[in-house]
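The values are calculated or read from the model by the stated rules, or taken from the named source; none is laboratory data. This structure is a prediction, so every number in the text was calculated from the model and none was measured. Glycine gets a Cβ as well: all are built from the backbone with ideal geometry, and neighbour counts include every protein chain shown. We work out accessible area using only protein heavy atoms, side chains counted, and drop any ligands, DNA or RNA first. Shrake-Rupley method; radii C 1.70, N 1.55, O 1.52, S 1.80 Å.
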Amino acid sequence: MNLLDQALQLDGYAILGAQAMRDQLGRLEGEFDSQWDAFCASWNRLAPDPYLAQVGLNRRRRHAVGELTMADGVLRFGPHQPHYQSRVYNALQGGIERWFEPIEADIKSNACLQALIRFAATHFTWLKPEVPQWLIEVHQFRIEATALQSGQPTPEGTHRDGVDYVLVSLMERNNIRSGTTSVHALDDGHELAHFTLTRPLDTVLIDDRRLAHGVTPVEPDDASQPAWRDVLVITLRAAASPPNPTAS
């Protein structure tokens, strides 16, 4: 058992710094470094989130769904489909099918994304070795902040995603402050830890069955300049798991 898996087992979350992540991911996909710039540049082409705009907030995102079979390591992305959360997990925007622009085809095949998905599956399978296949959702997010409006990485507040496990990896912070991640106990919501992802590839893995999480709003350092926080979120749910419960 390595320290990362031990932390996941004992605490329900684990943090890995940028250099350690880069070392591990490069071993998973040999072309990782050569494709990193193209991967990060795709965040500049994210589409506005029309659903969050309806409540007056700014966010850009793309979304994809796939399956990873552990026996042969084959990762397959399926046809574009909506993202759904019940209101049990997302009181702000749950209970509806949300259609976001799809992640671009060349980004789905990019070695960096492939390595991040396999990294997540490898460590989460250690916790749940009986799972033969993971249902994967991938979300690219850009949270924008202005002088008049802070950016809201988790506008639904402290929450669970309604899956088994979550990986969040920072891609870029530009001209922002705050954006502190916290993890919380489910019984009474008390905070167990907080930390800020500051460097590209700073990453946190979370057992969504055991913990809730949230991120504080981000604000510009220089209000006259563009400000944003780019993250990749990968969620995993065992293929045999039931879907999110419907709202009562």
**OP:** Tabulate in residue order the Karplus-calculated ³J(HN,Hα) for region 68-78, using 6.51 cos²θ - 1.76 cosθ + 1.60 with θ = phi - 60°, rounded to whole Hz; enter x for Gly and Pro.
**Re:** 10, 8, 6, 4, 10, x, 7, 10, 10, 8, x
Subject >> Distance between modelled label sites at ALA240 and ALA18, nm, 7 Å Cα→Cβ extension >> reply: 4.1
Original post:
Just how large is the dipole of region 29-183 about the Cα centre, in debye to the nearest 20, putting +1 at every Lys and Arg Cβ and -1 at every Asp and Glu Cβ?
Top reply: 520
Original post:
Under the classification rounded if a/c is under 1.5, otherwise prolate if a/b is larger than b/c and oblate if not, where does the chain fall, given a ≥ b ≥ c as square roots of the Cα gyration tensor eigenvalues?
Top reply: rounded
Original post:
If packing is taken as the mean number of other Cβ atoms within 10 Å per residue, what is the order of 227-240, 48-61, highest first?
Top reply: 227-240, 48-61
Original post:
What is the set of long-range amide H partners of LEU211 at a cut-off below 5 Å, with H atoms built 1.01 Å from backbone N?
Top reply: none
Original post:
What list of ³J(HN,Hα) couplings, whole Hz, do you get for region 189-197 from phi and the Karplus terms 6.51, -1.76, 1.60, once you set θ to phi - 60° and write x for glycine and proline?
Top reply: x, 5, 6, 9, 6, 9, 6, 10, 6
Original post:
What do the square roots of 5 times the Cα gyration tensor eigenvalues come to for region 81-225, in whole Å, largest first, as semi-axes of the equivalent ellipsoid?
Top reply: 25, 20, 17
Original post:
How much of GLU31 can a 1.4 Å solvent probe reach, expressed as accessible area in Å² and rounded to 10?
Top reply: 110
Subject >> Residue-normalised accessible area of the chain, expressed per residue, 1.4 Å probe, Å² >> reply: 45
Original post:
What does the charge dipole of region 105-206 about its Cα centre add up to, to the nearest 20 debye, if the Cβ of each Lys and Arg holds +1 and the Cβ of each Asp and Glu holds -1?
Top reply: 380
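For LEU10, what charge total do you get from the other residues with a beta carbon under 15 Å from its beta carbon, if Lys and Arg give +1 and Asp and Glu give -1? Can you show the working numbers first?
On the way: positive: ARG209, ARG210; negative: ASP5, ASP11, ASP207.
Every neighbour counted, the sum reads -1.
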Subject >> Cut-off 13 Å between beta-carbons: net charge of the residues surrounding GLU144, Lys and Arg +1, Asp and Glu -1 >> reply: +2
**OP:** Mind checking which of VAL163, SER150, LEU116 is farthest towards the positive end of region 107-172's charge dipole, using Cβ charges of +1 (Lys, Arg) and -1 (Asp, Glu) about the Cα centre?
**Re:** LEU116
**OP:** At 1.4 Å probe size, with no ligands or nucleic acids counted, give the accessible surface of THR216 in Å², nearest ten.
**Re:** 50
Original post:
Measuring from centroid to centroid over Cα atoms, what is the spacing of region 35-79 and region 1-31 in Å?
Top reply: 22
Original post:
Which value at 222 nm does the chain reach when only helices count, each DSSP H run of 4 or more adding -39,500 (n - 2.57), with the total divided by all residues and rounded to the nearest 500 deg cm²/dmol?
Top reply: -6500 deg cm²/dmol
**OP:** Give me the number: length gained by fully extending ARG210 to GLN81, i.e. 0.36 nm times residue separation minus the C-alpha to C-alpha distance, one decimal in nm.
**Re:** 43.7 nm
Original post:
Taking H as built 1.01 Å from N, whose amide H comes closer than 5 Å to the amide H of TYR165, not counting residues under 5 places away?
Top reply: ASP208, LEU236
Subject >> Amide H partners (placed H, <5 Å) of GLN133, local residues excluded >> reply: MET70, ALA239
Original post:
Looking at GLY17, ALA53, GLN35, which one has the Cα that reaches farthest to the positive end of the dipole of region 1-87 (charges on Cβ: Lys, Arg +1; Asp, Glu -1)?
Top reply: ALA53
Original post:
Between LEU10 and LEU28, what is the label-to-label distance in nm when each label sits 7 Å out along the Cα-to-Cβ direction?
Top reply: 2.4
Original post:
Along its principal axes, what span do the Cα atoms of region 142-247 show, with the longest given first and each in whole Å?
Top reply: 49, 27, 26
Original post:
What are the ³J(HN,Hα) values, in whole Hz, obtained from phi via the Karplus relation 6.51 cos²θ - 1.76 cosθ + 1.60 with θ = phi - 60°, for each residue of region 24-31 in sequence order, with x given for Gly and Pro?
Top reply: 5, 5, x, 6, 6, 9, x, 8
Subject >> Projected label distance in nm at SER109 and THR196, using a 7 Å step from Cα toward the beta-carbon >> reply: 4.0
